[in-house]
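Novice: The structure is given below, and queries will be raised subsequently.
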Amino acid sequence: MCCCFCHVAGRWMLGLACLTSLASVTQGSPEPSSFGGVSDAGPMPDESSPTSRPLVGSDLCGRGALRTVSVAVPMLVDGLVTTTQDFFLAAPIPLDGVSWIAGEAFTVRITSDSGSGNKRTTVAVGIVTDAGPTPISVGSLFWSAGFPSALACAVSARVSPHCGKAIAVRITVTNTLDSGASGSFHTEITTTHPEDMLRLHFAYGYAPISNQERPVSDLTAMALNAAGTTDWQNHLFEKPVSAANLRFVRHTGFGTGGTGQVSSIVESQLALDDGEYLSLDDAYSPSIGMPPPASEAIRAACNTLLLDDGQQTILKNRTIIGWRWRGVQLGAGMSTFTPANPTLLVFFKDPPQCDSDGICEAGETCQTCPGDCPRPLGDIDRDCDHDLFDAALMQNDFTGPVPCVDE
(Lines give C-alpha, C1' and ligand atoms only; values in the text may rest on other atoms or scores of the structure.)
Protein backbone atom coordinates (compact mmCIF):
# COMPACT_ATOMS: atom_id res chain seq x y z
CA MET A 1 0.00 0.00 0.00
CA CYS A 2 1.11 3.52 -0.57
CA CYS A 3 0.91 6.17 2.10
CA CYS A 4 -0.40 9.66 1.63
CA PHE A 5 -0.51 12.77 3.76
CA CYS A 6 -3.06 15.54 3.61
CA HIS A 7 -3.50 18.79 5.46
CA VAL A 8 -7.06 19.15 6.73
CA ALA A 9 -8.39 21.91 8.96
CA GLY A 10 -4.92 22.86 10.10
CA ARG A 11 -3.86 19.30 10.90
CA TRP A 12 -1.48 16.92 9.23
CA MET A 13 -3.33 13.68 8.65
CA LEU A 14 -1.69 10.39 7.78
CA GLY A 15 -3.46 7.66 5.89
CA LEU A 16 -2.67 4.61 3.81
CA ALA A 17 -4.67 4.18 0.67
CA CYS A 18 -3.16 1.63 -1.71
CA LEU A 19 -0.50 -1.09 -1.98
CA THR A 20 2.97 0.34 -2.57
CA SER A 21 5.39 -0.58 -5.27
CA LEU A 22 8.28 -0.03 -2.86
CA ALA A 23 8.85 -3.78 -2.84
CA SER A 24 7.84 -6.61 -5.12
CA VAL A 25 4.71 -8.59 -4.26
CA THR A 26 3.92 -12.09 -5.50
CA GLN A 27 1.49 -12.02 -8.40
CA GLY A 28 -1.73 -14.04 -8.36
CA SER A 29 -4.02 -14.30 -5.37
CA PRO A 30 -3.22 -11.38 -3.10
CA GLU A 31 -1.75 -12.13 0.30
CA PRO A 32 -3.65 -10.89 3.34
CA SER A 33 -2.36 -7.41 4.03
CA SER A 34 -2.24 -5.05 6.96
CA PHE A 35 -1.70 -1.31 7.21
CA GLY A 36 -2.19 1.52 9.69
CA GLY A 37 -1.25 5.00 10.74
CA VAL A 38 -1.66 7.74 13.32
CA SER A 39 -3.12 11.25 13.25
CA ASP A 40 -1.67 13.67 15.77
CA ALA A 41 -4.06 16.41 16.82
CA GLY A 42 -3.01 20.04 16.31
CA PRO A 43 -1.09 21.90 13.59
CA MET A 44 2.59 21.78 12.76
CA PRO A 45 4.64 24.52 14.49
CA ASP A 46 4.75 28.09 13.25
CA GLU A 47 7.91 29.83 14.48
CA SER A 48 6.20 33.22 14.21
CA SER A 49 3.11 32.15 16.11
CA PRO A 50 2.38 34.11 19.31
CA THR A 51 1.72 30.79 21.05
CA SER A 52 5.50 30.42 21.32
CA ARG A 53 5.23 32.85 24.22
CA PRO A 54 3.72 31.79 27.56
CA LEU A 55 0.29 33.18 28.32
CA VAL A 56 0.34 35.54 31.26
CA GLY A 57 -1.75 34.84 34.27
CA SER A 58 -1.06 31.22 35.13
CA ASP A 59 1.63 30.46 37.67
CA LEU A 60 2.35 27.33 35.59
CA CYS A 61 2.86 29.16 32.29
CA GLY A 62 6.49 29.16 31.19
CA ARG A 63 7.61 26.83 33.95
CA GLY A 64 8.38 23.88 31.72
CA ALA A 65 6.96 21.08 33.85
CA LEU A 66 5.73 17.62 32.89
CA ARG A 67 2.92 15.90 34.78
CA THR A 68 2.38 12.23 34.04
CA VAL A 69 -0.80 10.23 34.54
CA SER A 70 -1.29 6.48 34.14
CA VAL A 71 -4.58 4.71 33.50
CA ALA A 72 -5.24 0.98 33.18
CA VAL A 73 -6.77 0.61 29.73
CA PRO A 74 -7.28 -3.03 28.72
CA MET A 75 -10.40 -3.04 26.51
CA LEU A 76 -12.03 -5.82 24.51
CA VAL A 77 -14.45 -4.71 21.80
CA ASP A 78 -16.55 -7.44 20.22
CA GLY A 79 -18.15 -7.06 16.80
CA LEU A 80 -18.90 -4.20 14.41
CA VAL A 81 -19.66 -1.57 17.02
CA THR A 82 -18.46 1.75 18.42
CA THR A 83 -17.57 1.69 22.11
CA THR A 84 -16.56 4.63 24.32
CA GLN A 85 -15.03 4.24 27.76
CA ASP A 86 -13.81 6.88 30.21
CA PHE A 87 -10.82 6.06 32.43
CA PHE A 88 -10.91 8.48 35.36
CA LEU A 89 -7.71 10.00 36.69
CA ALA A 90 -6.67 9.51 40.30
CA ALA A 91 -6.62 13.32 40.69
CA PRO A 92 -7.64 16.21 38.39
CA ILE A 93 -4.91 17.81 36.26
CA PRO A 94 -5.00 21.64 35.76
CA LEU A 95 -5.04 22.52 32.05
CA ASP A 96 -4.28 26.25 32.15
CA GLY A 97 -0.78 26.55 30.71
CA VAL A 98 -0.67 23.08 29.07
CA SER A 99 0.91 23.27 25.60
CA TRP A 100 1.19 19.55 24.72
CA ILE A 101 -0.46 16.30 25.72
CA ALA A 102 1.87 13.48 24.68
CA GLY A 103 1.09 9.80 25.05
CA GLU A 104 3.19 6.68 25.11
CA ALA A 105 2.44 3.70 22.88
CA PHE A 106 -0.59 1.48 23.13
CA THR A 107 -1.46 -1.60 21.08
CA VAL A 108 -4.48 -2.24 18.86
CA ARG A 109 -4.85 -5.95 18.10
CA ILE A 110 -7.42 -7.50 15.77
CA THR A 111 -8.25 -11.01 17.03
CA SER A 112 -10.76 -13.80 16.38
CA ASP A 113 -11.05 -12.84 12.73
CA SER A 114 -13.88 -14.44 10.74
CA GLY A 115 -15.03 -13.94 7.17
CA SER A 116 -12.83 -12.43 4.48
CA GLY A 117 -11.14 -9.15 3.62
CA ASN A 118 -9.67 -6.48 5.84
CA LYS A 119 -11.18 -5.54 9.19
CA ARG A 120 -10.53 -2.00 10.48
CA THR A 121 -10.26 -0.60 13.98
CA THR A 122 -10.05 3.14 14.67
CA VAL A 123 -9.09 4.32 18.15
CA ALA A 124 -9.57 7.96 19.18
CA VAL A 125 -8.10 9.34 22.42
CA GLY A 126 -9.42 12.43 24.17
CA ILE A 127 -9.26 14.21 27.52
CA VAL A 128 -12.49 14.79 29.44
CA THR A 129 -12.52 18.03 31.43
CA ASP A 130 -14.73 19.52 34.11
CA ALA A 131 -15.25 22.63 31.94
CA GLY A 132 -17.61 21.20 29.33
CA PRO A 133 -18.91 18.14 27.50
CA THR A 134 -16.50 18.23 24.55
CA PRO A 135 -13.24 16.34 25.16
CA ILE A 136 -9.84 17.62 24.03
CA SER A 137 -8.66 15.52 21.09
CA VAL A 138 -5.23 13.92 21.57
CA GLY A 139 -5.30 12.13 18.22
CA SER A 140 -6.32 8.81 16.72
CA LEU A 141 -4.88 5.78 14.99
CA PHE A 142 -6.25 3.04 12.78
CA TRP A 143 -5.28 -0.54 12.00
CA SER A 144 -6.64 -2.55 9.07
CA ALA A 145 -5.76 -6.22 8.63
CA GLY A 146 -6.93 -9.37 6.91
CA PHE A 147 -5.60 -11.63 9.66
CA PRO A 148 -5.00 -11.42 13.44
CA SER A 149 -2.27 -8.82 14.00
CA ALA A 150 -1.55 -5.59 15.86
CA LEU A 151 -0.29 -2.01 15.59
CA ALA A 152 1.61 -0.28 18.43
CA CYS A 153 1.65 3.50 18.23
CA ALA A 154 1.18 6.68 20.29
CA VAL A 155 -0.91 9.84 19.99
CA SER A 156 0.02 13.42 20.88
CA ALA A 157 -1.55 16.85 20.58
CA ARG A 158 -0.41 20.44 20.60
CA VAL A 159 -3.20 22.13 22.56
CA SER A 160 -4.41 25.64 23.25
CA PRO A 161 -4.79 26.71 26.87
CA HIS A 162 -8.02 25.42 28.37
CA CYS A 163 -9.98 26.30 31.45
CA GLY A 164 -10.72 23.72 34.04
CA LYS A 165 -9.06 20.42 34.80
CA ALA A 166 -8.63 17.06 33.12
CA ILE A 167 -10.65 14.38 34.91
CA ALA A 168 -10.55 11.35 32.58
CA VAL A 169 -9.03 9.80 29.47
CA ARG A 170 -11.71 8.93 26.90
CA ILE A 171 -11.02 6.12 24.42
CA THR A 172 -13.44 5.48 21.55
CA VAL A 173 -13.02 2.29 19.52
CA THR A 174 -14.83 1.78 16.21
CA ASN A 175 -14.79 -1.59 14.41
CA THR A 176 -15.76 -1.59 10.73
CA LEU A 177 -15.20 -3.58 7.55
CA ASP A 178 -13.08 -2.31 4.68
CA SER A 179 -14.65 -2.35 1.21
CA GLY A 180 -15.47 -5.89 0.07
CA ALA A 181 -14.84 -7.47 3.48
CA SER A 182 -17.26 -9.70 5.36
CA GLY A 183 -17.57 -11.31 8.76
CA SER A 184 -16.78 -9.92 12.19
CA PHE A 185 -13.90 -9.66 14.64
CA HIS A 186 -12.71 -8.69 18.11
CA THR A 187 -10.36 -5.85 18.98
CA GLU A 188 -8.13 -5.78 22.05
CA ILE A 189 -6.60 -2.52 23.32
CA THR A 190 -3.55 -2.92 25.55
CA THR A 191 -0.32 -0.99 26.06
CA THR A 192 3.40 -1.61 25.74
CA HIS A 193 3.82 -0.72 29.42
CA PRO A 194 4.75 -3.79 31.55
CA GLU A 195 1.73 -3.22 33.81
CA ASP A 196 -0.64 -2.46 30.91
CA MET A 197 -0.86 1.22 31.88
CA LEU A 198 -1.36 3.98 29.33
CA ARG A 199 0.84 6.94 30.27
CA LEU A 200 -0.02 10.47 29.17
CA HIS A 201 2.23 13.46 29.78
CA PHE A 202 0.83 16.98 30.26
CA ALA A 203 3.52 19.52 29.34
CA TYR A 204 3.19 23.00 30.85
CA GLY A 205 4.81 26.05 29.29
CA TYR A 206 6.08 26.89 25.85
CA ALA A 207 9.24 26.94 23.75
CA PRO A 208 12.05 27.48 24.29
CA ILE A 209 11.97 26.98 28.08
CA SER A 210 9.70 23.98 28.49
CA ASN A 211 10.08 22.29 25.13
CA GLN A 212 12.11 22.51 21.98
CA GLU A 213 10.89 21.35 18.59
CA ARG A 214 12.90 20.19 15.60
CA PRO A 215 11.09 19.47 12.30
CA VAL A 216 12.98 17.10 9.98
CA SER A 217 12.21 17.08 6.25
CA ASP A 218 13.24 15.06 3.19
CA LEU A 219 12.56 11.68 4.77
CA THR A 220 12.22 8.69 2.45
CA ALA A 221 9.84 5.76 2.80
CA MET A 222 11.56 2.38 2.99
CA ALA A 223 10.53 -1.28 2.71
CA LEU A 224 11.75 -4.79 3.48
CA ASN A 225 10.89 -8.03 1.65
CA ALA A 226 12.44 -10.34 4.25
CA ALA A 227 13.77 -10.40 7.79
CA GLY A 228 16.48 -7.79 8.27
CA THR A 229 17.01 -4.04 8.55
CA THR A 230 16.88 -1.09 6.20
CA ASP A 231 19.72 1.38 6.00
CA TRP A 232 19.84 4.12 8.61
CA GLN A 233 18.45 7.49 7.58
CA ASN A 234 20.55 10.15 9.33
CA HIS A 235 19.43 13.73 9.89
CA LEU A 236 21.41 16.54 11.55
CA PHE A 237 19.48 19.33 13.27
CA GLU A 238 20.04 22.86 12.03
CA LYS A 239 20.24 23.85 15.68
CA PRO A 240 21.35 21.30 18.31
CA VAL A 241 19.30 20.69 21.45
CA SER A 242 20.81 20.73 24.92
CA ALA A 243 20.01 17.52 26.80
CA ALA A 244 20.10 19.32 30.16
CA ASN A 245 16.86 18.80 32.11
CA LEU A 246 15.46 16.59 29.33
CA ARG A 247 12.55 14.47 30.58
CA PHE A 248 10.51 13.20 27.59
CA VAL A 249 10.99 12.88 23.82
CA ARG A 250 8.48 12.03 21.11
CA HIS A 251 8.22 12.33 17.35
CA THR A 252 5.51 11.99 14.71
CA GLY A 253 4.40 8.42 14.15
CA PHE A 254 5.05 6.46 10.95
CA GLY A 255 2.66 4.78 8.56
CA THR A 256 3.35 1.06 8.39
CA GLY A 257 1.96 -2.07 6.77
CA GLY A 258 2.77 -5.02 4.57
CA THR A 259 1.99 -8.68 4.04
CA GLY A 260 2.72 -11.94 5.79
CA GLN A 261 3.11 -13.07 9.40
CA VAL A 262 5.80 -10.60 10.47
CA SER A 263 6.67 -8.23 13.29
CA SER A 264 8.44 -4.94 12.64
CA ILE A 265 9.56 -1.78 14.39
CA VAL A 266 10.81 1.68 13.56
CA GLU A 267 14.13 1.87 15.41
CA SER A 268 14.67 5.51 16.43
CA GLN A 269 17.80 7.04 17.98
CA LEU A 270 19.03 10.50 19.00
CA ALA A 271 22.59 11.39 17.98
CA LEU A 272 24.68 12.90 20.80
CA ASP A 273 27.69 15.18 20.48
CA ASP A 274 30.05 12.52 21.92
CA GLY A 275 29.30 10.07 19.09
CA GLU A 276 26.89 7.94 21.15
CA TYR A 277 23.21 7.28 20.39
CA LEU A 278 20.18 7.32 22.69
CA SER A 279 17.46 4.82 21.70
CA LEU A 280 13.78 5.67 21.97
CA ASP A 281 11.24 3.04 23.01
CA ASP A 282 9.46 1.05 20.28
CA ALA A 283 7.64 -2.26 20.86
CA TYR A 284 9.81 -2.65 23.95
CA SER A 285 10.67 -0.28 26.77
CA PRO A 286 13.62 0.03 26.83
CA SER A 287 14.26 -0.73 23.16
CA ILE A 288 16.28 -3.83 22.32
CA GLY A 289 16.63 -2.87 18.66
CA MET A 290 14.52 -5.83 17.50
CA PRO A 291 10.78 -6.48 17.05
CA PRO A 292 8.84 -9.10 19.01
CA PRO A 293 8.77 -12.62 17.49
CA ALA A 294 7.10 -12.84 14.09
CA SER A 295 4.40 -15.05 15.60
CA GLU A 296 3.07 -12.02 17.52
CA ALA A 297 2.44 -10.15 14.22
CA ILE A 298 2.87 -6.69 15.74
CA ARG A 299 4.06 -3.58 13.93
CA ALA A 300 5.42 -0.74 16.10
CA ALA A 301 5.38 2.61 14.30
CA CYS A 302 5.85 5.22 17.04
CA ASN A 303 8.73 6.12 19.34
CA THR A 304 8.87 7.94 22.68
CA LEU A 305 11.25 8.03 25.64
CA LEU A 306 10.65 9.00 29.27
CA LEU A 307 13.99 9.62 31.00
CA ASP A 308 14.50 8.76 34.65
CA ASP A 309 16.65 10.80 37.03
CA GLY A 310 19.71 8.64 36.40
CA GLN A 311 19.50 9.15 32.64
CA GLN A 312 19.02 12.88 33.19
CA THR A 313 22.22 13.03 35.23
CA ILE A 314 24.20 11.16 32.57
CA LEU A 315 22.93 13.46 29.80
CA LYS A 316 23.06 16.81 31.62
CA ASN A 317 26.23 17.95 29.80
CA ARG A 318 25.39 16.39 26.43
CA THR A 319 23.97 17.99 23.29
CA ILE A 320 21.61 16.29 20.83
CA ILE A 321 22.85 17.03 17.32
CA GLY A 322 20.55 14.87 15.21
CA TRP A 323 18.28 11.89 14.77
CA ARG A 324 18.32 8.65 12.81
CA TRP A 325 15.86 5.85 12.09
CA ARG A 326 15.56 2.55 10.26
CA GLY A 327 13.06 -0.25 9.79
CA VAL A 328 13.57 -3.70 11.31
CA GLN A 329 11.59 -6.86 10.43
CA LEU A 330 11.32 -10.44 11.70
CA GLY A 331 9.50 -13.06 9.64
CA ALA A 332 8.83 -13.83 5.98
CA GLY A 333 6.77 -11.12 4.34
CA MET A 334 6.89 -7.44 3.48
CA SER A 335 7.01 -4.31 5.65
CA THR A 336 6.75 -0.67 4.66
CA PHE A 337 7.87 2.28 6.81
CA THR A 338 6.48 5.67 5.78
CA PRO A 339 7.47 8.79 7.74
CA ALA A 340 5.61 12.07 7.77
CA ASN A 341 7.27 14.94 5.91
CA PRO A 342 8.15 16.83 7.96
CA THR A 343 8.50 14.66 11.04
CA LEU A 344 8.42 16.71 14.24
CA LEU A 345 10.64 15.81 17.21
CA VAL A 346 9.66 17.46 20.51
CA PHE A 347 11.94 17.57 23.56
CA PHE A 348 10.13 18.24 26.85
CA LYS A 349 12.20 19.57 29.75
CA ASP A 350 11.97 19.90 33.51
CA PRO A 351 12.31 23.37 35.06
CA PRO A 352 15.99 24.40 35.20
CA GLN A 353 17.65 24.48 38.58
CA CYS A 354 18.19 27.99 39.94
CA ASP A 355 21.53 29.13 41.31
CA SER A 356 20.05 32.16 43.14
CA ASP A 357 22.76 34.54 41.94
CA GLY A 358 20.20 37.18 40.96
CA ILE A 359 21.07 36.98 37.25
CA CYS A 360 18.85 35.50 34.53
CA GLU A 361 20.98 32.89 32.84
CA ALA A 362 20.17 30.56 29.95
CA GLY A 363 16.96 28.70 30.75
CA GLU A 364 16.20 30.71 33.90
CA THR A 365 13.19 32.97 34.03
CA CYS A 366 11.27 34.66 36.75
CA GLN A 367 8.63 31.95 36.40
CA THR A 368 11.11 29.15 37.04
CA CYS A 369 13.22 31.06 39.58
CA PRO A 370 11.00 33.48 41.51
CA GLY A 371 13.05 36.27 43.02
CA ASP A 372 16.25 35.38 41.19
CA CYS A 373 15.93 37.84 38.34
CA PRO A 374 16.12 41.63 38.72
CA ARG A 375 12.54 42.64 37.98
CA PRO A 376 11.68 46.13 36.71
CA LEU A 377 8.80 48.11 38.14
CA GLY A 378 5.55 46.91 36.59
CA ASP A 379 6.77 43.38 35.80
CA ILE A 380 3.51 41.84 36.93
CA ASP A 381 3.82 38.63 34.91
CA ARG A 382 7.32 38.00 36.32
CA ASP A 383 9.12 37.59 32.99
CA CYS A 384 11.81 40.20 33.76
CA ASP A 385 10.51 42.96 31.51
CA HIS A 386 7.68 45.50 31.27
CA ASP A 387 5.55 45.05 28.16
CA LEU A 388 2.00 44.77 26.82
CA PHE A 389 1.43 41.54 28.72
CA ASP A 390 2.00 43.46 31.95
CA ALA A 391 -0.36 46.18 30.69
CA ALA A 392 -3.07 43.55 30.27
CA LEU A 393 -2.66 42.65 33.91
CA MET A 394 -2.78 46.32 34.89
CA GLN A 395 -6.14 46.57 33.14
CA ASN A 396 -7.22 43.73 35.42
CA ASP A 397 -6.85 46.19 38.32
CA PHE A 398 -3.98 44.25 39.87
CA THR A 399 -6.43 41.66 41.08
CA GLY A 400 -4.39 38.74 39.78
CA PRO A 401 -4.07 36.62 36.68
CA VAL A 402 -5.97 37.31 33.48
CA PRO A 403 -8.97 34.97 33.59
CA CYS A 404 -8.56 31.73 31.63
CA VAL A 405 -10.79 31.78 28.54
CA ASP A 406 -11.11 28.91 26.08
CA GLU A 407 -10.46 29.77 22.47
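The values are calculated or read from the model by the stated rules, or taken from the named source; none is laboratory data. The shown structure was predicted, so the numbers you read here are calculated from the model rather than taken from an experiment. Note: ideal-geometry Cβ built from the backbone for every residue, glycine included; neighbour counts use all protein chains shown.
Novice: With (1) out of contact with any Ser or Thr (no Cβ under 7 Å at 6 or more places or on another chain); (2) in contact (Cβ under 8 Å) with a residue 60 or more places away in the chain; (3) of a type in the set (A, V, I, L, M, F, W, C); (4) part of a strand (DSSP E or B) as the list, and A271 as the residue in question, which single condition is left unmet?
Specialist: Going through the list (1) out of contact with any Ser or Thr (no Cβ under 7 Å at 6 or more places or on another chain); (2) in contact (Cβ under 8 Å) with a residue 60 or more places away in the chain; (3) of a type in the set (A, V, I, L, M, F, W, C); (4) part of a strand (DSSP E or B), A271 breaks only (2).
Novice: For the range 187-197, indicate whether the set of residues that are modelled with pLDDT under 95, surrounded by fewer than 22 Cβ atoms within 10 Å (Cβ to Cβ) and farther than 30 Å from P293 by Cβ is non-empty.
Specialist: Scanning the range 187-197 turns up no residue that is modelled with pLDDT under 95, surrounded by fewer than 22 Cβ atoms within 10 Å (Cβ to Cβ) and farther than 30 Å from P293 by Cβ.
Novice: Of everything in the range 114-154, what is in a loop (DSSP other than H, G, I, E, B) and surrounded by fewer than 20 Cβ atoms within 10 Å (Cβ to Cβ)? Give them in sequence order. Can you show your working first?
Specialist: As a first pass, look at the range 114-154 and keep what is in a loop (DSSP other than H, G, I, E, B): 114-115, 117-118, 130-135, 146-148, 154.
Residues satisfying the conditions are S114, G115, G117, D130, A131, G132, P133, T134, P135, F147, P148.
Novice: Which of the following residues is buried (at least 17 other Cβ atoms within 10 Å of the Cβ), within 12 Å of G327 (Cα to Cα) and touching a residue at least 24 places away in the same chain (Cβ under 8 Å): F248, F254, F237? Can you show your working first?
Specialist: Numbers: F248 fails: within 12 Å of G327 (Cα to Cα); F237 fails: within 12 Å of G327 (Cα to Cα).
Result of the check over F248, F254, F237: F254.
Novice: How many residues does the range 133-168 contain that are touching a helix residue (DSSP H, G or I) at 6+ places or on another chain (Cβ under 9 Å) and under 13 Å from G257 (Cβ atoms)?
Specialist: Selection size over the range 133-168: 2.
Novice: Let me ask something else. For P286, state whether it is of a type outside the set (D, E) and at pLDDT below 95. Before the answer, list the steps.
Specialist: On the way: of a type outside the set (D, E): yes; at pLDDT below 95: yes.
Considered against the rule, which asks whether it is of a type outside the set (D, E) and at pLDDT below 95, P286 comes out as yes.
Novice: Could you list, ordered by first residue, the pairs with Cβ atoms under 8 Å in which the first is in the range 123-147 and touching a residue at least 60 places away in the same chain (Cβ under 8 Å) and the second is in a strand (DSSP E or B) and acidic (D, E), at least 6 apart or interchain?
Specialist: From residues that are touching a residue at least 60 places away in the same chain (Cβ under 8 Å), the pairs are G139/D40.
Novice: Let me ask another. Can you tell me which residue is surrounded by the most Cβ atoms within 10 Å (Cβ to Cβ) among those in the range 299-319 that are part of a strand (DSSP E or B) and within 19 Å of the chain's Cα centre (by Cα)?
Specialist: Only one residue fits best here, namely R299.
Novice: Inside the range 221-239, can you point out the residues that are of a type in the set (G, A, S) and over 12 Å from V266 (Cβ atoms)?
Specialist: Our first condition is that a residue be of a type in the set (G, A, S); within the range 221-239, this holds for 221, 223, 226-228.
Correct list: A223, A226, A227, G228.
Novice: If you don't mind, another one. Test each condition in (1) more than 27 Å from T68 (Cα to Cα); (2) free of Cβ contacts under 8 Å to residues at least 60 places away in the same chain; (3) crowded, with 17+ Cβ neighbours inside 10 Å for G327 and report the one that comes out false.
Specialist: All conditions pass for G327, except number (2).
Novice: Out of curiosity, is S295 under 23 Å from A154 (Cα atoms), of a type in the set (S, T, Y), modelled with pLDDT of 90 or more and not in a helix (DSSP H, G or I)?
Specialist: Here the answer is no, as S295 does not meet what is asked.
Novice: Which condition number in (1) among the aliphatic types (A, V, I, L, M); (2) under 27 Å from F347 (Cβ atoms); (3) surrounded by fewer than 19 Cβ atoms within 10 Å (Cβ to Cβ) is the one that I167 fails?
Specialist: Going through the list (1) among the aliphatic types (A, V, I, L, M); (2) under 27 Å from F347 (Cβ atoms); (3) surrounded by fewer than 19 Cβ atoms within 10 Å (Cβ to Cβ), I167 breaks only (2).
Novice: Which pairs have Cβ atoms under 6 Å, sit 6 or more apart or on different chains, and link a residue in the range 219-232 that is assigned by TED's automatic domain parsing to the domain that holds N341 to one that is surrounded by fewer than 17 Cβ atoms within 10 Å (Cβ to Cβ) and among the polar types (S, T, N, Q)?
Specialist: L219/N341
Novice: Something else about it: Please verify whether L330 is assigned by TED's automatic domain parsing to the domain that holds G260 and in contact with a helix residue (DSSP H, G or I) (Cβ under 6 Å, 6 or more places away or on another chain), treating the condition exactly as stated. First the steps, then the outcome.
Specialist: Numbers: assigned by TED's automatic domain parsing to the domain that holds G260: yes; in contact with a helix residue (DSSP H, G or I) (Cβ under 6 Å, 6 or more places away or on another chain): yes.
In short, yes.
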